[in-house]
1. Give the residues of segment 173-216 that are of a type in the set (K, R) and either open to solvent by 60 Å² or more (accessible area, probe 1.4 Å) or in a strand (DSSP E or B) (or both), sorted by residue number.
2. Any residue that is of a type in the set (D, E), touching a strand residue (DSSP E or B) at 6+ places or on another chain (Cβ under 6 Å) and within 16 Å of the ligand (Cβ to nearest atom) - is there at least one of those in segment 129-142?
3. Going by the structure shown, is S150 in contact (Cβ under 8 Å) with a residue 40 or more places away in the chain and either more than 16 Å from the ligand (Cβ to nearest atom) or closer than 16 Å to R5 by Cβ (or both)?
4. Filtering segment 44-72 down to residues that are within 15 Å of the ligand (Cβ to nearest atom) and small (G, A, S), which residue is nearest to Q192 (Cα to Cα)?
5. Here are L125, L116, L137, L156: which of them is farther than 11 Å from V198 by Cβ and touching a Leu at 6+ places or on another chain (Cβ under 7 Å)?
6. From the list E99, E169, E122, E178, which one is within 16 Å of the ligand (Cβ to nearest atom), modelled with pLDDT of 95 or more and acidic (D, E)?
7. List the number of the failed condition for R110; all other conditions in (1) within 15 Å of the ligand (Cβ to nearest atom); (2) touching a residue at least 12 places away in the same chain (Cβ under 8 Å); (3) closer than 19 Å to L137 by Cβ hold.
Amino acid sequence: MTERRVTLTFDNGPTSGVTERVLDLLGGAKILSTFFVIGRKLDDGATAGLMKQAHSAGHWIGNHTLSHTVALGDRPELAYAIDEIEGAQQRIGKFAHPEKLFRPYGNSGRLGPHLLSRPALEHLLAQNFRTVIWNNLPEDWRDPDGWVESCIAQVLKQDWSVVVLHDVENACLVRLGELLQRLHDLGVIFEQDFPDAVTLTRGGRIVGPSKGYIAD
Ligand SMILES: [Zn+2]
C-alpha cells in the first residue's frame, strides 16, 4: 500500500467519563493526538482536569471556541470573534500548544465560508494562531455503526488524513479501539502534526487554501 499518514483529533470535549477512556485507548496504542476543547467546558474544574491529564500524556491542546454555538462566519463582528477565540484561549491557559492551535466551529463539521469571518481571520493572523481544519470527518456522532468504515475509506483515498472524532457521549468511544487496530493493521503512519493542506493560518501568515473558508 502507498504510505498513508493519519493525524487523529478529538473535538468538543473534554467530557467526564469519555475523555479518560479515550486517553487510555490512545495511551495503550502509543498514539499522540490533539484535543480541540470547548472553552466553556473548562469552567468545570473536573472537566478542566481532563485537559491537564491529556496535556501531561503528551497530547496537544487546541482551542475549539468558547461557546461552540454560532460559526464565526455567521456572526461577523470582531467582538464576537475575540470573545470566542480569546475566551477559550484564556481558559486553556498554559496548557495551550505553543503554536496556539485553533479549530473553528463547523456546525456539524461542515467546511465552507461560514467557518471564519474576515475579522476573525485578521485576529487569528494578528495573534499568531495556527488555524487547523480537517479532511476526514467520519461523523462518529451521527453514525455510531458506520463511522469506522467511513474513516478507513477516506484514509485510503488520501496521503494524509486529519481525522475529526469527538470525545463526547455517544460518539467515537465504543469503536475507537477497533479503529486504532484497523489503522495499525493497515500500516498507517500516525502523526501528531498537521499538513499545510489543513492549516489555514500559521505564525501570522496564510498557509493553506483559506479562500473558501471565509464569509466575505
Ligand atoms: Zn466541534
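1. R182, R202, R205, K211
2. Taking segment 129-142 and keeping what is of a type in the set (D, E), we get 139-140.
Next, from what is left, pick out any that are touching a strand residue (DSSP E or B) at 6+ places or on another chain (Cβ under 6 Å): 140.
Adding the requirement that they be within 16 Å of the ligand (Cβ to nearest atom) leaves 140.
For segment 129-142, residues of a type in the set (D, E), touching a strand residue (DSSP E or B) at 6+ places or on another chain (Cβ under 6 Å) and within 16 Å of the ligand (Cβ to nearest atom): present.
3. Judged against the criteria, S150 is not a match.
4. The selected residue is G62.
5. Numbers: L125 fails: touching a Leu at 6+ places or on another chain (Cβ under 7 Å); L137 fails: touching a Leu at 6+ places or on another chain (Cβ under 7 Å); L156 fails: touching a Leu at 6+ places or on another chain (Cβ under 7 Å).
Within the list L125, L116, L137, L156, the selection yields L116.
6. Criteria check complete, one pass: E169.
7. Only one criterion in (1) within 15 Å of the ligand (Cβ to nearest atom); (2) touching a residue at least 12 places away in the same chain (Cβ under 8 Å); (3) closer than 19 Å to L137 by Cβ is unmet by R110, namely (2).
The values are calculated or read from the model by the stated rules, or taken from the named source; none is laboratory data. These figures come from a predicted structure and were not determined experimentally. Please note: Cβ atoms are built from the backbone with ideal geometry, for glycine as well, and neighbour counts cover all protein chains shown. SASA here: full protein model, heavy atoms, side chains in, ligands and nucleic acids out. Shrake-Rupley method; radii C 1.70, N 1.55, O 1.52, S 1.80 Å.
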